[in-house]
Amino acid sequence: MDILDEFDISIIKELEKDGRMAFSAIAANLKISNTMVHQRINRMMEQGIIGGIKPIIQEKKIGFDWASFTGITLNKDSDSDRIIQALNDIPEITECYYVTGSFTLYIKIVAKNHEHMRKILYEKIDNIPGIAKTDSIIELGCAFKRNITL
């Protein structure tokens, strides 16, 4: 972790407590200057260490009661860029990963109910040219989700 020093780690830990925390409050808590906090956060964002400071939406709280993890097999892996763009155009797909093993891609889908999930799978995803098959596992709840401990 040569990229991050103790100040960077402390700033990240403060932001994990409350991503809306004012830079001046972080500076006061850590006994460093507001300018230093601002510069460090900007640098970490430019380097891609911090991907952004945004709300974490709890999908179930807004009516998306169903979720699945779906493996996607492609006819040709060389079509993956085009297929990923098509998947990205489906708002209910919240994550997409390249994986090894039986699938080329692994996605997370959120849906309002089982009928909505069926429509996403059969009417949207299965109609993307180049997708050979999908295999879904229904998510029953998240036990925990966290950032890597620094």
**Built amide H within the under 5 Å cut-off of ILE50, gap 5+** = MET45
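Given a Förster distance of 35 Å, report the FRET efficiency between ILE9 and ILE138 from their Cβ-Cβ distance, rounded to the nearest 0.05. Working shown, then result.
On the way: r = 37 Å, r/R0 = 1.06.
Given R0 = 35 Å and the Cβ-Cβ separation, E is 0.40.
State which stretch of the chain is the longest one without any exposed trypsin sites (Lys or Arg not before Pro), exposure meaning a DSSP loop state and at most 11 other Cβ atoms within 10 Å.
77-144
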**Fill in**
Which of [x] 55, 34, 29; [y] 56, 35, 24; [z] 66, 40, 31 is the computed Cα extents along the principal axes in Å? It is [y]
**Cβ-based net charge around SER102, under 15 Å, with every Lys or Arg adding one and every Asp or Glu removing one** = -1
**Request:** Sticking with the crude label model, points 7 Å out along Cα→Cβ, report the distance from LYS54 to LYS31 in nm, one decimal please.
**Result:** 3.7 nm
**Asked** Under the classification rounded if a/c is under 1.5, otherwise prolate if a/b is larger than b/c and oblate if not, where does the stretch 20-94 fall, given a ≥ b ≥ c as square roots of the Cα gyration tensor eigenvalues?
**Response** oblate
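Every number in this text was worked out from the coordinates using simple rules, so none of it is lab data. Since this is a predicted model, take the numbers as computed values, not measurements. No Cβ is skipped: glycine too gets one built from the backbone with ideal geometry, and neighbour counts run over all protein chains shown.
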